[in-house]
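Engineer: Handing you a structure now.
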Amino acid sequence: MNNIPILINNVKLQRCVETTKLSADIDGIDLWFDFPLAINVERRGEVFIAATLLEAMLTARDIHLCDELAISSMLMTNLNTLQDIYCAWNSALHKVKVVAPNISEPTKFCNEASFFSGGIDSSYTLAKHNDTISHLIFLKGFDEEQSENEWSNAIEKHSNLAKKLDKKLVAINSNIREFINAKKISNVFQHGLTLGSLASILGFSKVYIPSSFTYSYLAPWGSHSLTDRLWGNSNAQIIHDGLEAKRSCKTTFLYAHKLLLDNIQVCWASTEYNCGVCNKCVRTGLVLLLSKQKSKALPPLTNLKLLNVLAPSGERSLHDFHDLIEFSQQHNAPKVTIRLKSILWRYQVKYNLVELIKLLGGNYIKTWLHKLRKTQWSTARITMTTGNKNN
């Protein structure tokens with residue numbers, strides 16, 4: 001840790017053939033965002049503060065913005081509360097000062113937008129607010145990292161869907177994922193800061209960020225009902241949407257929106273197609289199977305042995321697993337219910353055994369187990385909760 005501030009300067013705003021690029025140096029490292037020409041891009045500092053805030057909090061370094069970068073007065077105030085929350089989630093973080101001499105609000109126009117990846121959460125939010133949402137925001141590398149070819153194909157796919165729905169696609173390219181990977185910051189944490197800060201500067205009066213969880217499970221997570229709204233300003237309201245519905249309910253809600261259902265993209269293995277055998281594909285496929293529904297985008301689930309990939313890996317995935325057990329019971333599928341409960345029992349035995357080993361072995365055993373599992377804690381310096389590797 002040191003007292004040398006993190007400098008955000010050398011701002012560039014370049015109008016290219018098809019995009020407008022906003023970039024700045026963060027401690028000499030170039031971070032950039034490419035926006036469609038239709039977006040009125042301004043020299044704003046929110047996205048650059050979001051990109052470096054967790055790093056600054058870990059190393060206890062203040063952040064200094066150059067005069068060219070504006071930041072809203074509301075965010076300057078809310079940064080205090082945001083940091084309180086992040087410190088509560090992770091005790092390795094420290095509150096820092098953000099020095100920004102240029103305080104002003106972003107331009108506002110009266111359209112509404114929602115972040116959209118094609119997954120169940122974002123499709124549900126779009127279907128729910130279809131009458132008012134005019135723009136779909138698609139960020140490169142939000143869920144999974146993408147090659148340039150995958151990115152181009154995804155833009156084409158989402159553009160075609162947007163046209164059919166009479167929406168406009170706002171595709172944002174950026175090197176933010178490479179930036180945080182180089183800093184060894186977990187995207188599980190960082191993605192919420194990235195989405196919130198982007199939502200605040202795009203000019204939309206209201207932006208929806210689809211939720212990953214429900215009111216019954218509000219554990220620390222990058223995009224959260226406590227934090228997303230705090231990235232807003234007097235001209236941009238940010239809404240963490242969908243907390244009222246479990247993922248199975250979100251899926252069944254899409255049955256009345258066939259176009260969205262037939263274009264879902266839920267796969268862990270690919271951002272271009274659904275493999276049908278990974279955890280997320282099987283989870284979605286099971287709900288469709290029990291409901292006797294189909295999606296043109298997802299291979300039907302025909303082999304119940306694939307349910308083994310649904311085995312929980314921790315508390316967060318356990319939340320979705322219990323949802324599937326309840327759903328199978330509601331749809332009178334005893335064979336599926338028995339199989340799922342058997343998987344749950346094995347997980348509980350393994351979990352309690354591991355916790356006992358941790359209790360007896362202390363921190364050394366915890367570190368060894370994380371390395372053995374190849375979890376993010378073995379590589380990331382800044383993770384969602386305590387246990388980081390400090391400088």
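Engineer: Just list whichever of LYS140/LYS167; LYS95/LYS206; LYS12/LYS95; LYS296/LYS341; LYS246/LYS294 have alpha carbons separated by over 27 Å in the model shown. Write down the numbers at each step before the final one.
Structural biologist: Working: LYS140/LYS167 19 Å; LYS95/LYS206 29 Å; LYS12/LYS95 29 Å; LYS296/LYS341 29 Å; LYS246/LYS294 19 Å.
From LYS140/LYS167; LYS95/LYS206; LYS12/LYS95; LYS296/LYS341; LYS246/LYS294, over 27 Å: LYS95/LYS206; LYS12/LYS95; LYS296/LYS341.
Engineer: Any chance you could run the full-extension gain for ASP166 through SER270? It's 0.36 nm times the residue separation minus the Cα-Cα distance, nm to one decimal.
Structural biologist: Length difference between fully extended and current span is 34.8 nm.
Engineer: A follow-up question, please. Label-point separation (nm) for THR77 and HIS94, each offset 7 Å from Cα along Cα-to-Cβ?
Structural biologist: 2.8
Engineer: How far apart, in nanometres, would the label points at SER134 and LEU226 be if each is projected 7 angstrom from Cα along the Cα-to-Cβ direction?
Structural biologist: 3.5
Engineer: Considering only DSSP beta bridges with both partners in the chain, what is the antiparallel share in %, to the nearest 5?
Structural biologist: Just about 40 percent of them are antiparallel.
Engineer: Quickly estimate the mean residue ellipticity at 222 nm for the chain, helices only: each DSSP H run with n ≥ 4 gives -39500 (n - 2.57), and the total goes over all residues, rounded to 500.
Structural biologist: So the calculated ellipticity at 222 nm is -13500 deg cm²/dmol.
Engineer: Next up: Short version: what are the Cα gyration tensor semi-axes of the chain, square root of 5 times each eigenvalue, largest first, in whole Å? The partial results should precede the final answer.
Structural biologist: Values: eigenvalues 246, 158, 59 Å².
Value: 35, 28, 17 Å, ordered largest first.
Engineer: Counting pairs of alpha carbon atoms under 8 Å apart in space and at least six apart in sequence, what relative contact order in percent does the chain give? It would help to have the intermediate numbers written out before the result.
Structural biologist: Details: 700 pairs, mean separation 61.8, N = 391.
Relative contact order here is 16 percent.
Engineer: Rounded to the nearest 0.05, what FRET efficiency is calculated for SER317 and ASP30 with R0 set to 35 Å and r the Cβ-Cβ distance?
Structural biologist: The value I calculate is 0.45.
Engineer: Please give every one of the aspartates and glutamates within straight-line cross-link reach of LYS183, meaning a C-alpha to C-alpha distance under 14 Å, and leave out same-chain neighbours fewer than 8 residues apart.
Structural biologist: Leaving aside aspartates and glutamates fewer than 8 places away in the same chain, those within reach of LYS183 are ASP27, ASP30, GLU55.
Engineer: Could you derive backbone 3J(HN,Hα) for the stretch 198-212 from the dihedral phi with the Karplus parameters 6.51, -1.76 and 1.60 (θ = phi - 60°), listing whole Hz in sequence and x where the residue is Gly or Pro?
Structural biologist: Along the stretch 198-212, the couplings run 5, 4, 6, 10, 7, x, 6, 6, 9, 10, 9, 10, x, 7, 8 Hz.
Engineer: Going 7 Å from the Cα of SER216 along its beta-carbon direction, which residues of the stretch 249-279 have the amide nitrogen within less than 12 Å of the resulting point?
Structural biologist: Flagged as within label range: 249.
Engineer: In debye, nearest 20, what is the charge dipole magnitude of the chain about its Cα centre with +1 on Lys and Arg Cβ and -1 on Asp and Glu Cβ, if you could check?
Structural biologist: Details: 44 positive and 34 negative charges, 309 e Å.
In debye, rounded to 20, the chain gives about 1480.
Engineer: Same structure, new question: Using label points projected 7 Å from each Cα along Cα→Cβ, tell me how many nm separate GLN14 and CYS278, to one decimal.
Structural biologist: 3.2
Engineer: Still on this structure, I have one more. Please report the equivalent ellipsoid semi-axes of the stretch 1-154, computed as sqrt(5 x eigenvalue) of the Cα gyration tensor, largest first, in whole Å. Before the final figure, lay out each step's value.
Structural biologist: On the way: eigenvalues 162, 80, 59 Å².
For the stretch 1-154, the ellipsoid semi-axes come out as 28, 20, 17 Å.
Engineer: Work out how much length LYS305 to GLU244 would gain on full extension: take 0.36 nm times their residue separation and subtract the Cα-Cα distance, in nm to one decimal. Mind dumping the intermediate values first?
Structural biologist: Values: separation 61, 0.36 × 61 = 21.96 nm, distance 3.10 nm.
Extra length available between LYS305 and GLU244 comes to 18.9 nm.
Engineer: Another question, if that's okay. Multiply the residue separation of ASN111 and LYS350 by 0.36 nm, subtract the distance between their alpha-carbon atoms, and state the gained length in nm to one decimal.
Structural biologist: Using 0.36 nm per residue and subtracting the Cα-Cα distance, I get 81.1 nm.
Engineer: Compute the accessible area per residue over the chain, keeping the other protein chains in place, probe 1.4 Å, unit Å².
Structural biologist: 46
Engineer: Under the definition of Cα pairs under 8 Å and six or more residues apart, what whole-number percent is the relative contact order of the stretch 57-158?
Structural biologist: Computed value for the stretch 57-158: 26 percent relative contact order.
The values are calculated or read from the model by the stated rules, or taken from the named source; none is laboratory data. As the structure is a prediction and not an experimental result, all values here were calculated from the model. Ideal geometry is used to build each Cβ from the backbone, glycine not excepted, and the neighbour counts take in all protein chains shown. Accessible surface is based on the protein model in full, side chains and every heavy atom, while ligands, DNA and RNA are left aside. Shrake-Rupley method; radii C 1.70, N 1.55, O 1.52, S 1.80 Å.
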